[in-house]
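Presented below is the structure to which this report refers.
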Amino acid sequence: MSPFAMGFLLVIIQPSSGQFPRGCANMQSLLRKECCPPWDGDGSPCGELSSRGSCQNILLSQAPLGPQFPFSGVDDREDWPSIFYNRTCRCEGNFMGFNCGECKFGFSGPNCTERRLRTRRNIFQLTTGEKDKFLAYLNLAKNTLSQDYVIATGTYTQMNNGSNPMFRNINVYDLFVWMHYYASRDTLLGGSNVWRDIDFAHEAPGFLPWHRAFLLMWEREIQKITGDENFTIPYWDWRDAEDCVVCTDEYMGGRHPTNPNILSPASFFSSWQVICTRSEEYNSQQALCNATSEGPILRNPGNNDKSRTPRLPSSAEVEFCLSLTQYESGSMDKMANYSFRNTLEGFADPRTAISNISQSGLHNALHIYMNGSMSQVQGSANDPIFVLHHAFVDSIFETWLRRHRPMLEVYPAANAPIGHNRENYMVPFIPLYRNGEFFKSSRELGYDYEYLQEPALDSFQEFLIPYLEQARQIWAWLVGAAVIGGIVTAMLTGLILTCRKKKRRTSSEIQPLLTESEDYNNISYQSNF
């Protein structure tokens, strides 16, 4: 796209919003602590006149948290989003969105009643046209202001408790970079003090559900700005790769001929500017990232610290990780042993599942291997390889879910690090999503992976899927009820038979004995059960 065309595009697009819905990024909404924007379809808050939803008080989880964050009332993300809003839209049926104006993931149609299943594919299985379209969509997202969200450029205290709103517009791609930063940033404690051992998207049970929701939202925003409802994120299967095979100008950008730390000028992405990469600067200023450009994407794949990450992950390591039966264990953080989540995230050895934070395996290995923007947690989403990588990590999560078929109760309800309990709302998403809502098969959320696809189901089976899943979630209660019912039935049967024997003994005193063989043979025993 030419600079003139790009400038024209930015002029004609209306100013927009980011992580905070535009309709809620104002003094009135902040002082009322209410985020219930009107739905354009009928002009009522949350589409209430059309029975899409209504403005309701937020129900926060009261489950206890782990000991990793020893503070209270010092971080805007605690009990998200109650510092900013305590009333939001609660949508009915299959409606979703900050104003109930969209469909839940996996549904479509004017009334959100049509089930839809899209397929994410290997980037190397795309045709040249499909691949070029994907790259063009990324570039469009980087140069298109978000129509629905703005980002916060100050804390709630810096906003004078809502009376001085601090928000700014942001492009669609950087919106998600900022959300990833905001979820993983340090806590600002005042002065020059910060608390680093906090992360609402990593190092705990919510890592996989959070990134699953993140990718689904990112995918939907691309669908909206392009009008391509069939768009899905491709994935890069990096198992056993000897180098970064997507790091070419044909795909995600090759190496610069004279500066190995930046991208080739022939790449789509060489002109991209990164945001939210200077965490120490923000900490020293006790400020939030305000999405100011901070230079080009950095990437020097393979020239990383080999003592930490000697190579890219192997198929055998992924398979061992998939064999682990516990989703979470122990302290439920980066020190957890025999935890599928911690091993896949990369804080546990992918050959033993024992925590080893001096090494970076599986998911973390990719970030370290890229040796640049991808290698710093808060700003890692600046590199577009991020979405390819996390789509594949999500496919491994999906493989584990299908193989082990865990009940929702497997996801920890309490004592996880802050923000990671099952019923906690994910930071910083509005509309609100709970961690447990994404601890389910991807097919229920409307997408599948090409290499995981199962034989097509007929329409009746598709209809039954959600009901079968609900039955599976409560099977333990059903079995327990059946056992108790069996015991009660046996006790009643014994009691009734005892009473009948006693009655027969009483009756025999006043009735003649049956001694004739023909009379004996005519006796019939009937059961009341």
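The loop-placed GluC sites (Glu not before Pro) in the stretch 133-241, going by DSSP, that have at most 12 neighbouring Cβ atoms within 10 Å of their Cβ come out as GLU229. Compared with the alpha-carbon gap, the fully stretched path from ARG403 to ASN86 is longer by 110.2 nm at 0.36 nm per residue.
The HN-Hα couplings worked out from phi for the stretch 243-258 by the Karplus form 6.51 cos²θ - 1.76 cosθ + 1.60 (θ = phi - 60°) are 7, 7, 6, 8, 8, 10, 5, 5, 10, 9, x, x, 7, 5, x, 10 Hz, whole numbers, x standing for Gly and Pro. A 1.4 Å probe run over the protein chains yields, for the stretch 119-452, 34 Å² of accessible area per residue, whole-number rounding. Can you send over the carbon and sulfur percentage of the accessible area for the stretch 179-233, probe radius 1.4 Å, protein chains only? The computed percentage sits at 41. Across the stretch 119-452, the fraction of Cα-Cα pairs farther apart than 27 Å, rounded to a whole number, is 43%. Sorting THR352, THR144 by accessible area puts them as THR352, THR144; the probe is 1.4 Å, largest comes first, and only protein heavy atoms count. Cross-linked pairs LYS133/LYS440; LYS104/LYS224; LYS306/LYS334; LYS104/LYS133; LYS142/LYS224: Cα-Cα separations exceed 23 Å for LYS133/LYS440; LYS104/LYS133. For the stretch 191-228, the list of trypsin sites (Lys or Arg not before Pro) that fall in a loop by DSSP and count at most 10 other C-beta atoms within 10 angstrom reads ARG196.
The values are calculated or read from the model by the stated rules, or taken from the named source; none is laboratory data. Since this is a predicted model, take the numbers as computed values, not measurements. As a convention, Cβ positions derive from the backbone with ideal geometry for all residues, glycine included, and neighbour counts pool all protein chains shown. When the accessible area is computed, the model is the full protein with side chains, heavy atoms only, and any ligands, DNA or RNA have been set aside. Shrake-Rupley method; radii C 1.70, N 1.55, O 1.52, S 1.80 Å.
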